[in-house]
Amino acid sequence: MGLLGDMNPTEVRKDFPFYDKFGDSLIYMDSACQTLRPRSVIDVIVEYYTDYPACAGRSVHRLATQVTLRVDEARGLIHDFFNAGPERSLVFTKNCTEAINVVAKGFPFKRGDVVLTSDVEHNSNNLPWQQMVRQRGIRRECVRTDERGILDLEDLKEKMSHRVKMVSLGHTSNVTGVSIPPREIIEIARDHDALVMLDGAQTAPHQRVDLCAMDVDFYTLSLHKMLGPSGVGALIARDDLLTNMEPLISGGGTVETAGHEEFTLLPPPERFEAGLLNYAGIIGSGEAVRYLGSIGMDEVEEHELLLNRVLTSMLMDIEGVEIIGPLEPELRPSLVSFNVQGLSSHDVAMIIDEMGKVLIRSGMHCAHPFFRKIGKNGCARASLYIYNTIPECRSFAQILEKLVGTFSR
Ligand code: ALA
C-alpha cells in the first residue's frame, strides 16, 4: 500500500466519517465529480452554523467580525495553496463553471475577437463561448486533440493569430484524465499577445499547481473536487485584468458607492461577489486546502498513480473492456474511463453498484462534443483520490470482470 507522506491511506480513511458509516462496504470512485470530506471540514461547517452564523463584510457586531476574519483566512489559505502571488486575486464562485462564465461574459471582448478552446472541453468551457458568439459576435475555434484526447500543439500554433484574444483550455480532461502542458501553451499564446485561461477543476485536486510559476492569466477550480463543501469554486486571476471586467452578477457588497444613475465598483475580488455568500462553504474550503497541504500534493499525485497502475493493468486484462483515452496511467493518473462491449455506460455503473457497491460515474460527462468526435455514446469512469486503496482497486477490477462475464455480449 502506498504512503501519503507520513500517512497511510488506512490512517487517512479514519479522518473521513464516510468510512465510519460505510466501512469497506462501499467503494467510492467518483471523486472527479465530488470528493468525500474529512471530519475537519465538516466540523468547521457545523462550527459556523452553531457558533457564528452571521454574514461577512457588512454588520460590525462580534459574530459578523468573526465571519469576516474566517472568510479572509480561507481566501488567504487557498490563494497561498496555489501560490497565486500578489498580482492575483481570488474570487469565490459557486463552482468552476461559474468562474469560467465570469470571465467569458465579463471580459471586454470585441466583435471579431477569437477565443481558442479545444475539441475535448467540458461544456462549462464550451457553452459560455457559444453564447458569446451569439451575443457579442466573437469567434470561437477549437484546437484538435487526437483520439486519446492529447492536444495537438502544432494545430494550436497554426490557429494562433493577432485576432486570438484568449486561449481557454481544460488543464486536465474530466473524461480522458489527460493534462495539457501549461507552460508551452502559455508561451505560444504570449508570442501572439493572447491571454490564457485554464480550467483547473480536474487538476487542482490532484497535483501541485503553482500559478506564479505557470504565469497564467485566469485559473478556475471547484473546491468540492478537493475535499471542500459542495457548491464552492474559485476564479484566481490577474488583478489588472479583473479590474477591467464587468461582474457577471451585480448587487450588494460590490460597490464603493451607488446612486440612481451611477455606481462605482469595489476593486476585485469584492466587485465579483454580489450578495451574501456561502460562508460555511468558504470556511470549509479553507480547511480543505489546509488538510490537503498537510498531506502534500506530490504525495497525492504519487498515490493516485500507484493505484491507477494497478487498476489499469487489471482492466487491460479483461476482454471486452475498452479504455477511453491513453492506455498509460501516467498520462491520466487520477482516473480511468472505459466501456464494456455490449453494455451502455449507465448499465455498467448501475450493475457494478448492485454487484459490488462500487460507485462510479457514467454517461457523457458534460463533454458531448468529444464523444461525438470519437463516435461513442459516453463511457464509465472510475476516479481516484487519497482515501482509495489498492485492495479497493483489485476488488473493483474483479467485480468488473464478473460483470463482463455475466452481461457483456
Ligand atoms: N464535471 C464533473 C465530473 O466530471 C461533474 O464528474
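Remark: the chain carries a charge dipole of roughly 1100 debye about the Cα centre, counting +1 on each Lys and Arg Cβ and -1 on each Asp and Glu Cβ.
A protection proxy built from the mean count of other Cβ atoms within 10 Å ranks the segments 164-172, 90-98, most packed first, as 164-172, 90-98. The relative contact order of the chain comes to 23 percent, based on Cα pairs under 8 Å that sit 6 or more residues apart. Measuring between their Cα centroids, region 9-85 and region 230-273 lie 25 Å from each other. Using the Cβ-Cβ distance between residue 59 and residue 260 with R0 set to 22 Å, the FRET efficiency from 1/(1 + (r/R0)^6) comes to roughly 0.30. The ellipsoid equivalent to the alpha-carbon distribution of the chain has semi-axes of 35, 28, 17 angstrom, derived from the gyration tensor eigenvalues as √(5λ) and listed largest first. Spatially, region 274-295 and region 364-379 are offset by 33 Å when compared through their Cα centroids. If we count every other residue with Cβ under 10 angstrom of residue 220's Cβ, Lys/Arg +1 and Asp/Glu -1, where does the sum land? Residues near residue 220 contribute -2 overall. In a shell of Cβ-Cβ distance under 9 Å around residue 110, excluding residue 110 itself, what net charge do Lys and Arg (+1) and Asp and Glu (-1) give? Result for the neighbourhood of residue 110: +2. Restricting attention to the chain, lysine pairs at least eight places apart or on different chains and with alpha-carbon atoms under 18 angstrom apart total 7.
If you take every DSSP beta bridge fully contained in region 175-295, what fraction is antiparallel? Give it as a percent rounded to 5. Roughly 75 percent of the beta bridges in region 175-295 run antiparallel, per DSSP. Working ranking of peptides 173-183, 13-23 by packing, defined as the average number of other Cβ atoms within 10 Å per residue, highest first, is 173-183, 13-23.
Taking the fewest neighbouring Cβ atoms within 10 Å as the starting point, the ordered list for 162, 365 is 162, 365.
Every read-out reported here was derived from the displayed coordinates using simple, explicitly stated rules and does not represent laboratory data. Every value quoted in this text rests on a predicted model; they were computed, and no experiment measured them. Neighbour counts run over all protein chains shown; Cβ positions are idealised from the backbone, glycine included.
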